[in-house]
Amino acid sequence: MIGQEDAPVNSSEEIKRLKAENAALKKHLQQLNTITMANADVAYKMNADWSHMLELNARDFLEATHEPDQQWMQRYILPKDQPRVLTAIKEAIDQKRMFELEYPVVTADGGQGWTLSRAIPVLDQDGNIAEWLGLGVDITARKKAELELLKLMEELEQQKRLYETIIGSTPDLVYIFDLEARFSYANEALLTMWGRTKENSFGKSLLEVGYEPWHAAMHEREIEHIKKTKETVRGEVAFPHATLGKRIYDYILVPVLDAKGQVSVVAGTTRDITEIRKLSEQKDEFLAIASHELKTPLTSLKAYAQVLQSIFEDKHDVDAVMMLDRMDKQINKLTGLITDLLDVTRIHSGKLQLNQERFDLSVLTSGIVEELQLTTSKHAIKEDIPPGLFLYADMERIGQVITNLVTNAIKYSPSGGDIVVKLRKQGDDLLLSVQDFGIGIPADRQSKVFEQFYRANNHRQAISGMGIGLYISAEIVQRSEGTIWVDSQEGIGSTFHVSLPMGKAAVNS
Ligand code: ADP
C-alpha cells in the first residue's frame, strides 16, 4: 500500500489540504504566541550553540533584538553572572535538554533586573539542534523581595544570636512562660540550676520542672494577674538551691504584648540577691554599732560642755560661754546625724518604733518654727498655723519630719528669703506644707528625693547632707498612714506637703 506521504503533492486536492493545514497551523501558532506572551515577558530565539541571539522581544523589560547578535551575552548579562549562565547553557546543549536558570539581567533602562529563563532546543530531521526557542519571566520584584527577606532573616538571626549570647551568659535566670504558665524558654543559668535540658523543660509547667506546690501556685497566680491587667509583677522569694542552700531571689515578671496589644507571653528574670542582702545586713549592723559607739562619748562630751558652760557663766567669761554655746550646737548637730543613721538601720530592720498619742500639731509646729528661726538670720519663717489642730500619732517622730522639712527649706535656699509653714484641716486629714523660694529640684529628680542616700545635687556650691532626712520622713509619714510629696520648680523653689489622718484625735477634738 502506498502511504499518503508518498502521494503526489501537486494534485489540487493535496494543495487544498496543505493550505487548510497551513491556515490551521498559523492560527494555532498565533494562539500559542498570545498565550506565551501573556505568561512571559521575554521571547527569544538562539542559534544552535548560542553564539548568536537571533531574535528577542521583551516589552519594556529588556532591549529588543531583531538582527542576529553576537554580543548578546555582554548586552544582557553582567560579567560576574556570565560564567554561571554559560555553564547552564553548555549543559543544556550537551544534553539537548531544556535550559532553565534564574539570573540577573541588564534591563532596557540600564538598571538591574532578574529573569527566570527557559529555552527548549528545536531539533532537525537528524536529531541535531537547529535552534533554541526561549521564554523569560521578569522576576525582579519577587527576587528583590526574596533578597530583602533574606537580609531581614540574616539580621534577625544575628539579633537572635546576640540575645542568646547575652541571655545565655548572664548569671541571672531568664525565662518565658506561655499563657498556660508553661515554660517556653529558660536560659542556661536556669537550666543548670534545675539540672535539666531544654528538651525536658520547654513546654512543662512549674510543678513538672520541680517547683514546690506553693511556689508554683504563687507564680501561676501572678501570671494570671499579668494576663488580666498587663501589669508588671515584682517580688522576692526565698527557696533552697540544689547545691547552695537557701537563697533569696528578686524576680520581675513582665507581659510581652503582641501587635494587637494582647499579652502573648510573660517574660521573667530572677536575680540571686543573697550576697547583696547579706552585705546590706552587714552594712546596717556596722552602722548600728558605729552609731551607738559614737553616741556614748558624745553624750559625755555634751555633759562636760554644759558643766564648763556653767563654770564660765559663773566667772562671767562671755567669750568662753559663747564658744561653749557653739560647741554645744555642733554636738547637737553631730548627735542629729548619728540619730538619723541609726534610724535608717532601724527602718531596714523593721525596728522603727512609733508611739501614738494625742497631741496639738499646731503647738508642735509653732514651737519647731520658733526654734529653727533662731538658727538663721537670712530667712524669715512665716507661720500660717490655725490653733488647736490635734493629731493622734507619734509626736516626736512627726516633729522630726517637720524639723527635717524646715531645715531643708533653710538649707536649700542659700540666698535667704521667706519660708512659709502652713497647717490646714481638710476632711479627716491635717495638711502641712513647707514652702521655700530656694534652688528647687529639677522635675526628673523630684520623685527620687524620698529614696535613701539620694541627693539631687543641683546647686553650684556643694550643700552638705547625707540624703537620708527625707527617706526617714517618708517612712515616718507612711507608717503614720499619711502621704508626703513635693511640688518644685528648679530655680524658683519647693513646697513639701504632708497629709496625715487625724485618726482618734478627730473623735476627741
Ligand atoms: P540631705 O538634705 O541630707 O541631702 P534629704 O533626704 O533631706 O537629705 O534630701 C534629699 C535631697 O532632696 C537633698 O539632697 C536635696 O537635693 C533635695 N531637697 C530636699 N529638700 C529640698 C528643698 N527644700 N529644696 C531643694 N532641694 C531639696
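Let's see how each residue does on (1) more than 24 Å from K329 (Cα to Cα); (2) in contact with a strand residue (DSSP E or B) (Cβ under 6 Å, 6 or more places away or on another chain):
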| site | (1), (2) |
| --- | --- |
| E371 | no, no |
| L374 | no, no |
| P386 | yes, no |
| Y392 | yes, yes |
| I402 | no, no |
**Request:** Any chance you could count how many residues in region 440-490 are at pLDDT 95 or above, within 23 Å of D418 (Cβ to Cβ) and within 8 Å of the ligand (Cβ to nearest atom)?
**Result:** 8
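Residues checked against (1) among the acidic types (D, E); (2) buried (at least 17 other Cβ atoms within 10 Å of the Cβ); (3) without any contact (Cβ under 8 Å) to a residue 12 or more places away in the chain:
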| position | (1), (2), (3) |
| --- | --- |
| Y175 | no, yes, no |
| R196 | no, yes, no |
| E199 | yes, no, yes |
| T232 | no, no, no |
| V237 | no, no, no |
| L257 | no, no, no |
**Request:** Go through the residues of region 203-213 one by one and say whether even a single one is exposed (fewer than 13 other Cβ atoms within 10 Å of the Cβ) and either more than 18 Å from V265 (Cβ to Cβ) or β-branched (V, I, T) (or both).
**Result:** yes
**Message:** Yes or no: region 332-355 includes at least one residue that is on the phi > 0 side of the Ramachandran plot and within 51 Å of the chain's Cα centre (by Cα).
**Reply:** yes
**Request:** Consider T376 carefully, then state whether it is touching a residue at least 12 places away in the same chain (Cβ under 8 Å), touching a helix residue (DSSP H, G or I) at 6+ places or on another chain (Cβ under 8 Å) and farther than 26 Å from P501 by Cβ.
**Result:** yes
**Item:** Count of region 33-55 residues which are at pLDDT below 80 and surrounded by 11 or more Cβ atoms within 10 Å (Cβ to Cβ)
**Value:** 3
**Request:** Could you tell me whether Q353 is polar (S, T, N, Q) and more than 22 Å from S494 (Cα to Cα)?
**Result:** yes
**Prompt:** So which residues in region 419-470 are assigned to a loop (DSSP other than H, G, I, E, B), exposed (fewer than 15 other Cβ atoms within 10 Å of the Cβ) and touching a Phe, Trp or Tyr at 6+ places or on another chain (Cβ under 9 Å), if there are any at all?
**Reply:** E451, F453, H459, M466
**Prompt:** Pick from region 381-417 the residues that are in a helix (DSSP H, G or I) and near the ligand (Cβ under 10 Å from one of its atoms): which of them is farthest from L432 (Cα to Cα)?
**Reply:** K411
**Asked** Quick check: anything in region 349-359 buried (at least 17 other Cβ atoms within 10 Å of the Cβ) and in a strand (DSSP E or B)?
**Response** yes
**Prompt:** Across region 286-323, what is the number of residues that are loosely packed, with under 15 Cβ neighbours inside 10 Å and more than 25 Å from T339 (Cα to Cα)?
**Reply:** 10
**Item:** Matching entry among S499, S494 (being more than 13 Å from the ligand (Cβ to nearest atom) and part of a strand (DSSP E or B))
**Value:** S499
**Request:** Return a yes/no flag: does region 365-375 have any residue that is farther than 25 Å from R460 by Cβ and either in contact with a Lys or Arg (Cβ under 7 Å, 6 or more places away or on another chain) or assigned to a loop (DSSP other than H, G, I, E, B) (or both).
**Result:** yes
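The values are calculated or read from the model by the stated rules, or taken from the named source; none is laboratory data. Everything numeric in this text was worked out from a predicted model, so none of it was measured. Positions of Cβ are generated from backbone atoms using ideal geometry, with glycine treated the same way; all protein chains shown enter the neighbour counts.
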